[in-house]
Each structure stands twice: as C-alpha cells, then as structure tokens.
Amino acid sequence: MKTPKMILFDYGQTLVAEQKFDGVKGTEAVLRYAVRNKYHLSAEQVQARANEINQELGRFDPEKRHLFQIEIPNAMFTAYLYESLGIEIALSSPEIDTVFWDAAAPGVPTAGIQDFLGYLKGKGIRTGVISNISFDPAVVAGRINRLLPENTFEFILTSSNYLFRKPNKRIFELALEKAELQPDEAWYIGDQYECDVKGSLQAGLLPVWYIGAIDLPYTEDKNILTVKTWREVERYLEK
C-alpha cells in the first residue's frame, strides 16, 4: 500500500447515504406534472409496471446487479414507461429524474465525508467519482454538488453517460485515462462488494470497502481494507 495520487469514490451509501428507495413516492411526485393520463392510472399502478419491466430486464436485483454491466439510462426507461401507459409529463427527462429521485430516495452526506474530502484536499490527493446510476449525469452532478458543495472532484462519471456499469473494468479504465494515472496510483472507495470492491480490484486499483452506511448484508473479507468511518481511512493514509 502506498499513498495514492487520487481517490475515486462511489456515490450511493458512500458519499451520500440515501433513504430506503420508495418508487411509489417518486412516481407520485412525477404524476403531479401529468398533462395527460389516458387510463387514470395511480402512482401504485405506474410503479407496478416499472417494477415489472425492471424485473424483465434484470435491473436492480441486489443479488444479481453486478451481472448487469450495461446501463439503461432513465431517459429511455421513463420515456417508454409513461408513453406506453398513455401518460404525458410536462417535464424534460432530466426534470423527471430530479423530481422522481428527490421524492423516492432523498439523501444526506455520510458522516464525516465533508471533513474527509477537506483532508484530502489539504494533502493534495485528487478526487473523482464513478457511479452506477441511471439518472441523467447532470442531475447526479447537481445532487452531489448540492450536498457536498466544497468538493473538488475532477470528474463525476456515471454509467448513464458512459454505458458501462461497475464491476466492468472499462469504466475504471476511463477514469484512469481522464486522470492520466496508472491503476496502482489510485484507490477506489465504495460500499458494494461485487461492483465496487471486486470491480476496482480487477481493474488494478486498491479497493477500500466502506461499510459505514451500507444497506445490504455483507460477509467480511479479511483481504480487503474495510472501514466504517472516514477517520479510519485518514489513519491508513497517515501510515
């Protein structure tokens, strides 16, 4: 282990702790902007169709999501969902993402992350983000910059913008290319074992498993640096 030139972060349950996802609340918020609802469908009915499509596609299954390595952006998903149900929403695709996400899964910075980012800035360690997420890239960047206004992320890479989902090594390779670094010069910190830990390890980065805001069951891996607080990462960096 050596001091990294750059630390890359996952978004959800790493930088930001999101509340448990509630698709009905998100859909209910979006439907307030409906100018046409041909079949007078409720938020529960629309979300049931969304769940059906997601199950058919194999998206978001906690046990299998690491196998789903190509992203379907919400711009395509929601366009099909609403139009196939005879619903017209008076919002742009990014606006739909914002309204839905803010209602379905509001979030707050994970405990201590703002201080940790300040620590990295003081040490001259560069930072960036790689996220598996279907929301519009500008919407994701907007939420991160709103919740972590003092960040100095050089880039925020989303699978919705760059096709590939972690653990596919291509999205890690893209980040390294943008940073002009070799794999052994960067660390990657995330909460999901299959996508974040194994993905970054296979791409040659040093993985750090952050479990301070984890929302999934996990089994300890003694071969992986595992932390519950950002202060622990600081201590490893100081060593």
What nm value, rounded to one decimal, do you get for the distance between E194 and D115 when each label is placed 7 Å out toward the C-beta? 3.5
Here, I214 and R32, labelled 7 Å along Cα→Cβ, have an inter-label distance in nm of 3.6
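Compute for the chain: radius of gyration divided by Kirkwood radius, i.e. Rg/Rh, restricted to C-alpha atoms, rounded to two decimals. Spell out each step's value before the answer.
Working: Rg = 18.5 Å, Rh = 18.6 Å.
Over the Cα atoms of the chain, Rg/Rh equals 0.99.
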Between E63 and Y39, what is 0.36 nm times their sequence separation minus the Cα-Cα distance? Round to one decimal in nm. 5.2 nm
Can you give the calculated 222 nm mean residue ellipticity of the chain, where each DSSP H run of n ≥ 4 adds -39,500 (n - 2.57) and the sum is split over every residue, rounded to the nearest 500 deg cm²/dmol? -12000 deg cm²/dmol
Within segment 96-135, list the trypsin sites (Lys or Arg not before Pro) lying in a DSSP loop whose Cβ has at most 10 other Cβ atoms in a 10 Å radius. none
Which residues in segment 118-147 have a backbone N closer than 18 Å to a point placed 7 Å from the Cα of I224 along the Cα-to-Cβ line? 130-133
For segment 166-239, just say rounded, prolate or oblate: build the C-alpha gyration tensor, square-root its eigenvalues into a ≥ b ≥ c, call rounded for a/c under 1.5, and beyond that prolate if a/b exceeds b/c, oblate if not. oblate
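So if I place +1 on the C-beta of Lys and Arg and -1 on the C-beta of Asp and Glu, and nothing else carries charge, what would the dipole magnitude of segment 127-239 be about its Cα centre? I want it in debye, nearest 20. If you can, show how the numbers build up before the last one.
Working: 13 positive and 17 negative charges, 40 e Å.
The calculated dipole for segment 127-239 is roughly 200 debye.
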Do any chymotrypsin sites (Phe, Trp or Tyr not before Pro) in segment 1-86 lie in a DSSP loop with no more than 15 other beta carbon atoms within 10 Å, and if so, which? F21, Y33, Y39, F60
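Determine the gain in length on full extension of the stretch I70-A48; use 0.36 nm per residue of separation and subtract their C-alpha separation, reporting nm with one decimal.
Full extension of this stretch gives 5.6 nm more.
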Identify all aspartates and glutamates with a Cα-Cα distance to K38 below 12 Å; exclude those on the same chain that are fewer than 8 residues away in sequence. E83, E88
Set the Förster distance to 25 Å, then compute FRET efficiency between S92 and Q55 from the Cβ-Cβ distance, nearest 0.05. 0.35
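No lab work stands behind these numbers, since they all come straight from the coordinates. Predicted, not measured: the structure shown is a model, and the values here were computed from it. Quick reminder, even Gly has a Cβ in these numbers, built from the backbone with ideal geometry, and neighbours come from all protein chains shown.
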